[in-house]
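**Student:** If you scroll down you'll find the structure; I have some questions about it.
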Amino acid sequence: MEYRKKVAAIYLLGFFVDLVNMFITNVAYPGIGHAFGASVPQLAWISTAYILGLTIVIPASAWLAAYYGSKTVFITSLLIFLCASAGAGLAQSIAALIAWRLLQGLGGGLLIPLGQSMTYQLYAPAERPGLSSIIMLVGLLAPALSPALGGLIVDSLSWRAIFYLNLPLAALALLLAARWLRAEPARIAPPPLDMRGLLAGSTAISLLLLGLTMLGSPGDWPAGAAVLALGAVCAVVYVRGALKKSAPLLNLRLVAEPLLRISMLMYLLVPGVFMGVSLLAMLYLQGVLGMTASMAGSLMLPWAIASFAAISLTGKSYRRVGPQPLFIAGALLQAAGMLMLLRVDAASQIAWLSGAYAVMGFGGALCSSTAQSTAFLRIPDGQLSQASAVWNINRQIGFCLGVAVLGVLLNFLLALHGIGSLEDPRASTVFHWCFALAAASCLLPLVLCLRIDNRAVLKLVFHPQESKK
């Protein structure tokens, strides 16, 4: 096997493990909540802590690889991830579980940007669209298989077993990385680590997510608003400081490129919102309607099949129609799928639920695959590692915000109606309001689409050498 194919295989396995960890825990929330007496905001932090860990460590990926070498950093990350996965399975409290998930994210956060950078550098620009298609297809396997498999594991064994599932996958990636990756010499004099920027950025992200989570608890609203405001101030300070530096930890100037910026925003507003809807749907189907974990998890299968069809359509039609119509169709379809959830009031509506997930999957994949194909068209090869870090941070933040914002909305509406338990018959109405508002948010990308020069993008696709000028 060619060396570049070996590197690509390791990257794709790491990408798969990352997505498994995002999707598989949703079906376990009711079981974890029952075991620890955890509230909805606490359950949301099981995913948020993992994504937060991923997000915090990504900016340092390029520097760590330059200083220690990509292979060393990649293997170390896998070892941390393995230990944290075992710790999560053994956790004896919700606080301990959240802490292990944070460490799990810190270990897994370097796998994606490092793997992506190592792989893309080995493929010529003309070969990267095909590589992107494979990445998107692998990205479907985790959301499709992990919730259904996780549901079976929870029903037959325990919620703890879903974390033990990570161990053989991560061990395989570790073995392949140790055997296949070439040891790259560390850079003799890498640029100094922007520690102030790393601390400022991490603090801003942590405060923003903590503030959003605190807003989800009625008694913590004043404190949550204060923490959220402080996080926003820290974010502004970090961005201003980063833009003034000649060699910042994260090159935010790349976001000035319109195609990358619009693609990032599309990822925030479409796949990011779906992550929040997925969490709410699992709570609704299992906690309110009494559906089994395995049945709820199996709904991701029609989602994945429809997503596969959408990715295939994108690959065939992107060069012919450009990104604008694909983005518009995708956003409208995802909104339609979320609106279909308003008619769900019984666990027996499997056919209708499958249709709703299929429509959401087709629409969301149209947007995400189109964004992936568009984002790096104008990025020079020398900036790919920094662009990859920016892209992946945006992806993680989108998932965090989708879960956090919809979790806040759910708890606010539950408190507003005086509902203290999901067993309250009025809880169905609250969930339906959340699904409706999530669908409405999917219309925001339509405004972004108006800013795309579709003819210029088609010209770049047919004349790729122009994209680097």
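**Student:** What's the FRET efficiency of TYR3 with VAL321 using the Cβ-Cβ distance as r and R₀ = 30 Å, to the nearest 0.05? Before the final figure, lay out each step's value.
**Tutor:** Numbers: r = 36 Å, r/R0 = 1.21.
So, using R0 = 30 Å, E works out to roughly 0.25.
**Student:** Equivalent-ellipsoid semi-axes (√(5λ), Cα gyration tensor) for the range 1-181, whole Å, largest first?
**Tutor:** 30, 17, 14
**Student:** Name the residue from ILE153, ALA62, HIS417 whose Cα lies farthest towards the positive end of the charge dipole of the chain, charges +1 on Cβ of Lys and Arg and -1 on Cβ of Asp and Glu.
**Tutor:** My answer, from the dipole projection, is ALA62.
**Student:** Can you figure out the FRET efficiency of ALA171 with LEU193, using R₀ = 22 Å and their beta-carbon distance, to the nearest 0.05?
**Tutor:** 0.15
**Student:** Take the cross-link list LYS316/LYS459; LYS6/LYS459; LYS5/LYS71 and give me the ones stretching past 23 Å between alpha-carbons. If you can, show how the numbers build up before the last one.
**Tutor:** On the way: LYS316/LYS459 17 Å; LYS6/LYS459 33 Å; LYS5/LYS71 16 Å.
Beyond 23 Å between Cα atoms: LYS6/LYS459.
**Student:** For the chain, what does the relative contact order come out to in percent, with C-alpha contacts under 8 Å and a separation of six or more?
**Tutor:** Answer for the chain is 22 percent.
**Student:** For the residues PHE15, PHE81, what sequence is obtained by ranking on other C-beta atoms within 10 Å, fewest first?
**Tutor:** Ordered by Cβ neighbours within 10 Å, fewest first: PHE15, PHE81.
**Student:** Expressed as a rounded percentage, what relative contact order does the range 196-249 have, with Cα pairs under 8 Å and six or more residues apart?
**Tutor:** In percent, rounded to a whole number, it is 43.
**Student:** Need one number: nm distance between label points at VAL138 and HIS417, each 7 Å from Cα along Cα→Cβ, rounded to one decimal.
**Tutor:** 4.3
**Student:** Non-local amide H neighbours of GLU257 (under 5 Å, H modeled in plane, Pro and chain starts lacking H): which ones?
**Tutor:** Under 5 Å from the amide H of GLU257: no residue qualifies.
**Student:** Further, regarding this structure: Could you point to the residue in TYR50, ALA229, ILE311 farthest towards the positive end of the chain's charge dipole, with +1 and -1 charges on the Cβ of Lys/Arg and Asp/Glu respectively?
**Tutor:** ILE311
**Student:** What order do you get for 158-166, 29-37 when each peptide is scored by the mean count of other beta carbon atoms within 10 Å, highest first?
**Tutor:** Highest mean packing first, the order is 158-166, 29-37.
**Student:** For the chain, list the DSSP H helices whose alpha carbon atoms reach 24 Å or more along the long axis and whose average Kyte-Doolittle value is -1.0 or above?
**Tutor:** 3-23, 40-57, 70-90, 128-156, 195-215, 221-244, 300-321, 323-340, 350-375, 384-416
**Student:** Which is farthest toward the positive dipole end of the range 250-469 among SER298, PRO380, LEU406, measuring Cα position about the Cα centre, with Cβ charges +1 (Lys, Arg) and -1 (Asp, Glu)?
**Tutor:** PRO380
**Student:** OK, next. Given points 7 Å out from each Cα along the Cα-Cβ axis, report the GLU184 to LEU243 separation in nanometres with one decimal.
**Tutor:** Simple spin-label model gives 3.0 nm for this pair.
**Student:** In deg cm²/dmol, rounded to 500, what helix-only [θ] at 222 nm does the chain give when every DSSP H run of at least 4 residues adds -39500 (n - 2.57) and the total is split over its residues?
**Tutor:** My calculation for the chain gives -25000 deg cm²/dmol from helical runs alone.
**Student:** Taking the mean number of other Cβ atoms within 10 Å as a proxy for protection, how do you rank 201-209, 262-270 from highest to lowest?
**Tutor:** Top of the packing list down: 262-270, 201-209.
**Student:** Moving on. Would you mind working out the magnitude of the charge dipole of the chain relative to its Cα centre, with +1 at each Lys and Arg C-beta and -1 at each Asp and Glu C-beta, to the nearest 20 Debye? All intermediate terms of the calculation are to be shown ahead of the outcome.
**Tutor:** Details: 28 positive and 14 negative charges, 305 e Å.
Dipole size: approximately 1460 debye.
**Student:** Just to be sure I understand the model, the point goes 7 Å from the Cα along the line to the Cβ. What's the resulting ALA336 to ALA436 distance in nm?
**Tutor:** The modelled label-to-label distance comes out at 2.1 nm.
**Student:** Quick query: amide H of GLY69 versus all other amide H atoms, modeled in the peptide plane; which residues come in under 5 Å with a sequence gap of 5 or more or a different chain?
**Tutor:** Counting only residues 5 or more places away or on other chains, the set is ARG187.
**Student:** Additional query: Set the Förster radius R0 to 41 Å, insert the Cβ-Cβ distance between ASN454 and HIS34 as r into 1/(1 + (r/R0)^6), and round the FRET efficiency to 0.05.
**Tutor:** Numbers: r = 50 Å, r/R0 = 1.23.
Rounded to the nearest 0.05, the efficiency is 0.20.
**Student:** Just check the range 385-457 against the gyration tensor rule for me: Cα atoms, a ≥ b ≥ c as the square roots of the eigenvalues, rounded for a/c under 1.5, and otherwise prolate or oblate depending on whether a/b exceeds b/c.
**Tutor:** oblate
**Student:** Here is a further query. Can you tally the net charge around TYR50? Count Lys and Arg as +1, Asp and Glu as -1, for every other residue whose Cβ sits under 13 Å from the Cβ of TYR50.
**Tutor:** Residues close to TYR50 contribute a combined charge of 0.
**Student:** Related question: Sort the following peptides by mean Cβ neighbour count (other Cβ atoms within 10 Å, averaged over residues), highest first: 436-446, 421-431, 277-287.
**Tutor:** Values: 436-446: 18.2, 421-431: 15.6, 277-287: 24.1.
Listed from highest to lowest mean packing, they are 277-287, 436-446, 421-431.
A short reminder: the numbers here are calculations on the coordinates, not readings from a lab. For clarity, every value in this text was computed on a predicted model and none was experimentally measured. No Cβ is skipped: glycine too gets one built from the backbone with ideal geometry, and neighbour counts run over all protein chains shown.
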